[in-house]
Amino acid sequence: MKVLHADDHALFREGIGFFLRLLDKDVTVVEASDFRSLKDKLALEAPIDLLLMDLAMPGMGELEGFFFIRRQYPTLPVVVLSGSNNTQVIQSILDGGARGYIPKLVNSEELMRALRMVTSGEIYVPNLLFASANDNDNKEYPEVEVVTARQRDILGLLADGMPNKLIGNALGITEGTVKQHLKSLYKRLHVQNRTQAIRAARTMGLIEKE
């Protein structure tokens, strides 16, 4: 697996590279220190299997830079690794099709958990995004985590009987991203298929009941 890590702090890049290599000895890490070099590396080092990027690099423009990459490389798995704890920014990143948002404040154990999830194709959502969410007191699903706004949209279209490709078209994301969200949803809802997910979501009030 070839991972491109873009961050303007060399020491931080070195630390993340160490953790990435702990995941798998065959991981190759390519580095970029600003937005211009990020774009150059994406072109010169292709194919890239995973992009880890900060939002505050020189020339980045924060969210503008992220969405530029998403437009130019819609099938590239992107994970934002940043110091921002702004829940609106995090929500925008996840709704924009990112595979995850990892705050720089997480400890090493949580960082490894997040990296394992994103490198295995899952979506990592930080707990801080749900800090202000209402507690779920549903007895049938007591351990379920709150889902993102994008995942609620997917559940609604799922309940309408839409296949993954049409869901992606409706939300402006790729079919692969829809599949990644569904994989995460199944895990969060403790279900194994679309029918069970719809039933659980209706029981929890995530989508309207029939």
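The values are calculated or read from the model by the stated rules, or taken from the named source; none is laboratory data. All of these numbers come straight from a predicted model, not from anything done at the bench. Glycine gets a Cβ as well: all are built from the backbone with ideal geometry, and neighbour counts include every protein chain shown.
A few remarks follow.
- Residue pairs meeting the criteria (Cβ under 6 Å; at least 6 apart or on separate chains; first outside the structural domain of LYS39 (by TED's automatic domain parsing), in segment 8-20; second assigned to a helix (DSSP H, G or I)): none
- Checked against (1) modelled with pLDDT of 85 or more; (2) in contact with a helix residue (DSSP H, G or I) (Cβ under 8 Å, 6 or more places away or on another chain); (3) closer than 24 Å to LYS2 by Cβ, ILE123 meets all criteria but (1).
- Of the strands (runs of 3 or more DSSP E) lying entirely inside segment 1-113, the ones with 1 or more residues being more than 19 Å from THR177 (Cα to Cα) and out of contact with any Leu (no Cβ under 6 Å at 6 or more places or on another chain) are found at 2-6, 28-32, 100-103.
For (1) under 23 Å from LEU51 (Cα atoms); (2) hydrophobic (A, V, I, L, M, F, W, C); (3) surrounded by 15 or more Cβ atoms within 10 Å (Cβ to Cβ); (4) modelled with pLDDT under 80, each residue gets a yes or a no:
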position: ARG113; (1), (2), (3), (4): yes, no, no, no
position: MET117; (1), (2), (3), (4): yes, yes, yes, no
position: ALA131; (1), (2), (3), (4): no, yes, no, yes
position: GLN151; (1), (2), (3), (4): yes, no, yes, no
position: LEU157; (1), (2), (3), (4): no, yes, yes, no
position: PRO163; (1), (2), (3), (4): no, no, no, no
position: GLY168; (1), (2), (3), (4): yes, no, yes, no
position: GLU208; (1), (2), (3), (4): no, no, no, yes
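- Scanning segment 70-78 for any residue that is farther than 27 Å from LYS165 by Cβ and either in contact (Cβ under 8 Å) with a residue 12 or more places away in the chain or surrounded by 14 or more Cβ atoms within 10 Å (Cβ to Cβ) (or both) turns up nothing.
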